[in-house]
Amino acid sequence: MYLRHLQLWHFRNYTEQAITFRGNQTILLGDNAQGKSNLLEAILFLATLHSPRVQRDADLVQAGQTWARIQAEAERQPDPAQLTLTLRVNGRRTLAVNQQTQRRQMDFLGYLRAVFFSCLDLELVRGSPGQRRDWLDQTLVQIEPLYSQLLQDYQRVLRQRNALLRQENLRPDHLTPWNEQLIHIGTRLIRRRYRLVQRLQPLAHTWHQRISQAAETLTVTYTPCVPVPEDNSQVIAEQFHNQLTAKFPAEIGQKTTLVGPHRDEVKLSLNGYPARAYASQGQQRTLVLALKLAELELLESLLGETPILLLDDVLAELDLKRQQHLLTAIGERVQTIITATDLERFDPRWLLGAQQFQVLQGQLCLR
């Protein structure tokens, strides 16, 4: 997979900007707040229809404008694709593939795939469970576009069930239809997350062994709110139902749903100890780097194409040893777009074939 051309209109601080990529290595240089990260965000949005920084489409539209557009030309198997995404301050987004409007978001997903690694990802270790769930979900969206629709359906049912829990004099049978939907959709989400972690765990373990020179053992464990003794939908659904029944009094008191994938956790351990509590800053960086390289390898093996790798100012967060592991791992076979404030941390050999752009106040110029 290769991103050949990207064009932005009124996206973040870009009024109108086009960029053509040549070769597999691109460096975006510039001071902070000039638009380097915004360009990576635009590419990631095409791949996942999700921003790692904001929730609303309106926040991606340039100040003073009513719409923004991202257009890309991607080389992929079996055929190339032109992708167009229009965002509106007031109104729904519009998605098109080869100038054909797509009615459903899931029909747009899968034409471009990317792995994104930023300094914010270092919070995967010490951050909230929601950040780790989001990482799993966005990975699954790229593996199986249907997953995006399952997430939307689950959130809709969850909102409606929570609204019902806020009503007075609620009886258990009032929740029955919503419980059935929550269990049905939630079970499908849980099974997919469970299988994803099962696949990621050995890859992350291997990468971590390499980077840490076998100093520690990384374990990635999926711990859903509903126990998953096995990857069996009937068993999971039964456990889900039992948990909802047991937690009903507490849900009435707290007026919110206490059981389901929205409360899942992913545990990261080093030598059997929780990384969140015991990992040093260096160990956290090694762990997250291993997770990202595992994600890249998994997507490549499952999809048959190498995703685009987006690195947002991460070299500044990694010491020389970890930088070398990262740049060696991606080599020249992965299209890599990386942002930086200077070139000091790059291996001179890596720079030889890299295309370099200077970014200044939402404008790009070739160096």
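The values are calculated or read from the model by the stated rules, or taken from the named source; none is laboratory data. Keep in mind that this is a model prediction, so the values were computed, not measured. Backbone-built Cβ (ideal geometry, glycine too); neighbour counts: all protein chains shown. In case anyone asks, the SASA skips ligands and DNA or RNA and just uses the protein heavy atoms, side chains included. Shrake-Rupley method; radii C 1.70, N 1.55, O 1.52, S 1.80 Å.
Tabulated data for the structure shown
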{"item": "Portion, in percent, of the accessible area of the stretch 58-117 that falls on carbon or sulfur, probe 1.4 Å", "result": "39"}
{"item": "Rounded tilt (10° steps) of 129-143 against the dominant C-alpha axis of the chain", "result": "70"}
{"item": "Residue-normalised accessible area of the stretch 64-199, given per residue in Å² at a 1.4 Å probe", "result": "49"}
{"item": "Whole-percent carbon and sulfur share, accessible surface of the stretch 260-367, 1.4 Å", "result": "49"}
{"item": "Angle in degrees between helix 176-211 and the longest Cα principal axis of the chain, rounded to the nearest 10", "result": "40"}
{"item": "Residue-normalised accessible area of the stretch 212-314, given per residue in Å² at a 1.4 Å probe", "result": "43"}
{"item": "With every protein chain in place, the stretch 208-255: carbon and sulfur % of accessible area (1.4 Å)", "result": "49"}
{"item": "The chain - mean residue ellipticity at 222 nm from DSSP helices (-39,500 (n - 2.57) per run, n ≥ 4, rounded to 500)", "result": "-13500 deg cm²/dmol"}
{"item": "The stretch 280-291 - phi-based ³J(HN,Hα) in whole Hz, Karplus 6.51/-1.76/1.60, Gly and Pro as x", "result": "6, 4, x, 5, 4, 5, 4, 5, 5, 4, 5, 4"}
{"item": "Cross-link partners of LYS36 among lysines (Cα-Cα below 30 Å; sequence separation of 8 or more within a chain)", "result": "LYS292, LYS321"}
{"item": "For ALA340, net neighbour charge (Lys/Arg +1, Asp/Glu -1) across residues whose Cβ lies under 13 Å away", "result": "-4"}
{"item": "Most mobile of ALA96, ALA246, ALA316 in a GNM of the chain (Cα contacts under 10 Å)", "result": "ALA246"}
{"item": "Rounded to the nearest 20 debye, dipole of the chain from Cβ charges on Lys, Arg, Asp, Glu", "result": "520"}
{"item": "Gap separating the Cα centres of the stretch 25-45 and the stretch 328-360, nearest whole Å", "result": "13"}
{"item": "Charge dipole (the stretch 292-367, unit charges on Cβ, about Cα centre) - positive-most of THR339, THR306, LEU296", "result": "THR339"}
{"item": "The stretch 213-242: GluC sites (Glu not before Pro) in DSSP coil with no more than 14 other Cβ atoms inside 10 Å", "result": "GLU230"}
{"item": "Whole-Hz couplings from phi, Karplus 6.51/-1.76/1.60, listed for the stretch 298-312; x for Gly and Pro", "result": "5, 4, 4, 6, 7, 9, x, 9, 7, x, 6, 9, 10, 10, 9"}
{"item": "Crossing angle, helix 146-165 versus the chain [Cα axis fit, 0-90 degrees, rounded to tens]", "result": "40"}
